[in-house]
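Visitor: Shown below is the structure under consideration.
The values are calculated or read from the model by the stated rules, or taken from the named source; none is laboratory data. Being a predicted model, the structure only gives us computed values, none of them experimental. Reconstructed Cβ throughout: ideal geometry from the backbone, glycine too, with neighbour counts over all protein chains shown. Just the protein is used for accessible areas: all its heavy atoms, side chains included, with ligands, DNA and RNA removed. Shrake-Rupley method; radii C 1.70, N 1.55, O 1.52, S 1.80 Å.
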Amino acid sequence: MNQRSKTPLCRHWFAQVSRALSANPAIAGRTASGRVTTDPGRRINSIWVPIALLGWVATSLAGPPVVWSSQVAEAAEKLGVAEQEPEVATKAGPIFVDGQAQVVPAFENSSEWIRHDLWVETEFDSDGDGKLDRMHVSVVRQSQTESEGLKVPVIYETSPYYCGTGSTSNEYMWDPKHELGAPPPRRTSPPPIKTRVNRPTISRGHIRTWVPRGFAVVHSCSPGTGLSQGCPTVGGLNEALAPKAVIDWLNGRAKGFTTPDGDEEVVAFWCTGKVGMTGTSYNGTLPIAAATTGVEGLEAIIPDAPNTSYYHYYRSHGLVRHPGGYMGEDIDVLYDFIHSGDEKFRDYCNRVVREETHLANIDRESGDYNDFWAGRDYYNQLDNFRAAALMAHGFNDWNVMPSHTIRIYQALKERGVTVQNYFHQGGHGGPPPLEMMNKWFTRFLYDVENGVEKEPQSWVVREADDREKPTPYPAYPHPEAQPVRFYPAPGGRGVGGLTLKAATPAVTLEMLTDDVAVPGAKLAAAAMSENRLIYATPVLEAPVHISGTAKLTIRVASSKPAANLSVWLVSLPYTGSRNINDDIITRGWADIQNHKSLTESEPLEPGKFYDLTFELEPDDQIIPVGQQIGLMIFSSDRDFTLWPEAGTELIVDLEGTVLEMPIVGGAAVLSPGN
C-alpha cells in the first residue's frame, strides 16, 4: 500500500479516537489550560496517541481490505468505538441515467487528461520494406486510469485525412470530356502532400464528448498516411487489418511501441477491451471495414455516410459515374488525395498501388464490375461481422449515396446482427443525435441494459423536422410500403402521362437527343425540350409517402454503340428551390451496354432496342398534396456522367417501360384521377 492510500486510514483512526474522547471527557486529554480537546489535529493526551498509532500500524500491515487486529479491537473497546470499516475516499467512475453515460465531474477537467501516442504493430507489410507496418495511434484518457486503476472502454476513429490531404483542383482529375468506350486521356498527378505531424494528439474529434462521460478516445492514421507506415490502398485489405490491430492492442493481443522503429512496449492496461468505432464518410467506411474482420472487442459501430463499395461510389450499373461535387474523381485520384505517408516509400506505393493495382483494373472504358471492384465491396465481406451497427445517412447525399448504407443494413438484418438506422433529409454527413449514440455505446460498451436494441429499427427525420427529432418506424423500408407500377404515356417532350394502367397508344416510341451542356435542373424545369422526356402523375390529392427503392424497366435504343442513361424522379412543378426536398426525389444512372450483366458489357447495335432494369437511389420522402411525381429520362448528366459530344439519340419504347415505386399504403393512397 502506498503512502497516499495510508493517509485516509490514519485520519480515520484519529477521528475514532477523537469521537471517543468527546464521549468520555473523564479520560480525555487536556490542554495546558485544562480544557478537554476533541480536535484530532491538536495535541491530545499522550496516553491515547499510541492507541491511534496502533490502529494505523495494524491497518497498514493488513492492507486492503482493512482488518481489525485483536489489539486494535481491545483498544477500541476501551474507547467505546464500534468496529467498522474505515471511511475510504470514493473512486471516480461512470454514471448512468436513463440508459446513458453522464458527464462525471471528476472527468471534466481537460488539463488532467492523459494524452500520449504510440505505434501499433500490424500483421501486414504493405510498403515492401520487409517489416510489419506500424500504425500511429493517439490516446486521451482520464487521469484516474493512472491514479485509481480505472478501466474504461474506448471510442475509436481512424482516418486517412488527419495528417494532410492533396489538391482537389480539376487539373488533377480525370477529364470527363471523352466518348464512352474510348480510352481516356491520362490525367496528371498532383504535387506530393506535405505530412502534417500531429503529436501526441492526432485529432481532437470526439474527445470533449466522450472522455467526460467515462470513455477513452483513440485515433489512428490509416496505412500510408501521416506517421503510419505502409501504403494507402483505398479499400484494400490493409485498411481493415489496421484498425483490427489497434483493437487487438487495446485487448492485449497486439504490441504497441513508443516509437515507429523501437522496441519499448506500451500496454493498454487501462482499457476494458470493449471498443466502439464511429466517423463520417471515409472515417465511417473504416468501422465497417474493421467489423468485417470479426475482431474480438469491437462491440459497436456508428458509421455516418459510409462508402461501402468503391464500385458503387465511382460507377452506377456499369456506367462511369462520378460522386456529386467531385467531377472526374476515381479511386486513383482518392489515393493521391490521401497519400501523406513517409516520403521514402511513396515511389514504391505509387508504382505498386496506383499504377499496378488501381490503374490496371479500374477500367474507365467499360465501367464493368470486376474482381478489383469486388474486393473493395464490403457487402461481399460480411460473414464475420458481429458488431452492433447504428448506421446514419442522408437521403439527399449525392456524394456517398444512400444505397451504401441501405445495402449493408439489409444484409446485416438478414444475418441477425443487431442493427438500426438513422436517416435525415439532408446531404453528405450528419450523425445520429447524441442521445442515440450515447445509448448505443452505453449499451454495448458498458453493458447497461437500456433496451436500445429493442427500439424501432428505423428513425427518419421528416421533411420539416429538426434532425434531433427523428420519427421512429419498425423498419426500413416502411413495412406498409408496397410496389406500385406506373406506366408512361406519350408526350414526353412536354409532359406525358404517368398512370397506374398501361395503355396501348398508336405511337409508343419517343426520342430524345443528348446534350451534356444542358444541366438536369434546366431540363426538369423546361416546359418543352428535345433533350429529355418527362412523364408525370396527375396532381396529388393526398400526400404520397415513398419509402424504399424505386426501380425502372426501360426498352431503349441508341444511335451509337455506347450512351449514358440518366433518370431523375422529380416533384413538379420544378422550381429550383433551395429547399433540398422541393424538387428532386431520387436519381439513377445506367449503361445500356450492361443490360445483361454488370461484369460483361457489349457494344450496342445502333437502332436496336434493349430491355434494361435498374434501381434508383433509395428514399423516404412524403410528396405533398398539389404536386406531381415526374419521371425524367435523359442521357448525359452534367453533374455525374462523362461528357460525350452532343447528338446521341435515344429512342424509348413506352410499351416496354415501367416505373415501380414503393408507396406506403400502395396504390390505394393515390388520388382517384391516377
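Visitor: If the requirement is being under 23 Å from Val211 (Cα atoms) and not small (Gly, Ala, Ser), which of these qualifies: Thr280, Thr259?
Guide: Only one candidate passes the filter, namely Thr280.
Visitor: Here is a further query. Do you know which of the residues in the range 538-552 that are touching an Asp or Glu at 6+ places or on another chain (Cβ under 7 Å) and outside any loop (DSSP other than H, G, I, E, B) is surrounded by the fewest Cβ atoms within 10 Å (Cβ to Cβ)?
Guide: Lys551
Visitor: Moving on. Considering only the range 93-107, state which residues are crowded, with 17+ Cβ neighbours inside 10 Å and aliphatic (A, V, I, L, M).
Guide: Ala101, Val104, Ala106
Visitor: Can you tell which of Ser169, Ser143 is closer than 30 Å to Ala563 by Cα, more than 26 Å from the chain's Cα centre (by Cα) and free of Cβ contacts under 8 Å to residues at least 40 places away in the same chain?
Guide: Details: Ser143 fails: closer than 30 Å to Ala563 by Cα.
From the options Ser169, Ser143, the qualifying one is Ser169.
Visitor: Now a separate question. Pairs needed: first member in the range 259-285, in a loop (DSSP other than H, G, I, E, B); second member anywhere, surrounded by fewer than 22 Cβ atoms within 10 Å (Cβ to Cβ) and aromatic (Phe, Trp, Tyr); C-beta distance under 7 Å; at least 6 residues apart or different chains.
Guide: Correct list of pairs: Asp263/Phe257; Glu264/Phe257.
Visitor: Continuing with the same structure: Given the condition within 30 Å of Pro323 (Cα to Cα), in contact with a His (Cβ under 7 Å, 6 or more places away or on another chain) and modelled with pLDDT of 95 or more, answer yes or no: does some residue in the range 230-251 qualify?
Guide: Yes, there is a match, as at least one residue in the range 230-251 is within 30 Å of Pro323 (Cα to Cα), in contact with a His (Cβ under 7 Å, 6 or more places away or on another chain) and modelled with pLDDT of 95 or more.
Visitor: Residues being in a strand (DSSP E or B) and touching a helix residue (DSSP H, G or I) at 6+ places or on another chain (Cβ under 8 Å): count how many of those fall in the range 553-568.
Guide: 5
Visitor: Does Ser159 qualify as being at pLDDT 95 or above, of a type in the set (S, T, N, Q), touching a helix residue (DSSP H, G or I) at 6+ places or on another chain (Cβ under 8 Å) and within 30 Å of Asp363 (Cβ to Cβ)?
Guide: yes
Visitor: Which is within 30 Å of Gly426 (Cα to Cα) and surrounded by fewer than 24 Cβ atoms within 10 Å (Cβ to Cβ), of Thr278, Thr285, Thr272, Thr292?
Guide: Checking each option against the conditions leaves just Thr292.
Visitor: Looking at (1) surrounded by fewer than 19 Cβ atoms within 10 Å (Cβ to Cβ); (2) in a strand (DSSP E or B), which is the one condition that is false for Ser571?
Guide: (1)
Visitor: Name the single residue that is farthest from Val419 (Cα to Cα) among those in the range 354-399 being part of a helix (DSSP H, G or I) and open to solvent by less than 10 Å² (accessible area, probe 1.4 Å).
Guide: By that ranking, first place goes to His358.
Visitor: On to the next question. Among Tyr311, Tyr326, Tyr335, which is the only one that is part of a loop (DSSP other than H, G, I, E, B) and among the aromatic types (Phe, Trp, Tyr)?
Guide: Unique residue meeting the criteria: Tyr326.
Visitor: Turning to a different aspect of this structure: Restricting attention to the range 626-640, does a residue exist that is small (Gly, Ala, Ser), touching a Leu at 6+ places or on another chain (Cβ under 7 Å) and under 20 Å from Pro538 (Cβ atoms)?
Guide: The answer is yes; a qualifying residue exists.
Visitor: Please tell me if His312 is open to solvent by less than 10 Å² (accessible area, probe 1.4 Å) and not β-branched (Val, Ile, Thr). Show your work before the answer.
Guide: Values: open to solvent by less than 10 Å² (accessible area, probe 1.4 Å): no; not β-branched (Val, Ile, Thr): yes.
Spelling it out, it is not the case that His312 is open to solvent by less than 10 Å² (accessible area, probe 1.4 Å) and not β-branched (Val, Ile, Thr).
Visitor: Restricting attention to the range 166-184, which residues are assigned to a loop (DSSP other than H, G, I, E, B) and open to solvent by 60 Å² or more (accessible area, probe 1.4 Å)?
Guide: Within the range 166-184, Thr168, Asp175, Lys177, Glu179, Pro183 qualify.
Visitor: Say we look at the range 108-162 and pick out the residues that are among the aromatic types (Phe, Trp, Tyr) and part of a loop (DSSP other than H, G, I, E, B); which of these is most open to solvent (accessible area, probe 1.4 Å)?
Guide: Tyr161
Visitor: Something else about it: Kindly state which strands (runs of 3 or more DSSP E) lie completely within the range 492-537 and contain at least 1 residues that are over 18 Å from Asp583 (Cα atoms) and either open to solvent by 70 Å² or more (accessible area, probe 1.4 Å) or in contact with a strand residue (DSSP E or B) (Cβ under 9 Å, 6 or more places away or on another chain) (or both).
Guide: Hits in the range 492-537: 496-499, 509-513.
Visitor: Let me ask something else. Looking at the range 635-674 only, could you name the residues that are at pLDDT below 95 and hydroxyl-bearing (Ser, Thr, Tyr)?
Guide: Ser671
Visitor: Here's something else I'd like to know. Could you tell me which of the residues Phe372, Phe345, Phe337 is under 29 Å from Glu157 (Cβ atoms) and either hydroxyl-bearing (Ser, Thr, Tyr) or without any contact (Cβ under 8 Å) to a residue 40 or more places away in the chain (or both)?
Guide: Phe372
Visitor: Starting from residues that are part of a loop (DSSP other than H, G, I, E, B) and closer than 30 Å to Tyr326 by Cα, keep the ones in the range 400-429 and report whichever is most open to solvent (accessible area, probe 1.4 Å).
Guide: Of everything passing the filter in the range 400-429, His428 is most open to solvent (accessible area, probe 1.4 Å).
Visitor: Go through the range 628-658 and report how many residues are hydrophobic (A, V, I, L, M, F, W, C), outside any strand (DSSP E or B) and open to solvent by less than 10 Å² (accessible area, probe 1.4 Å).
Guide: 2
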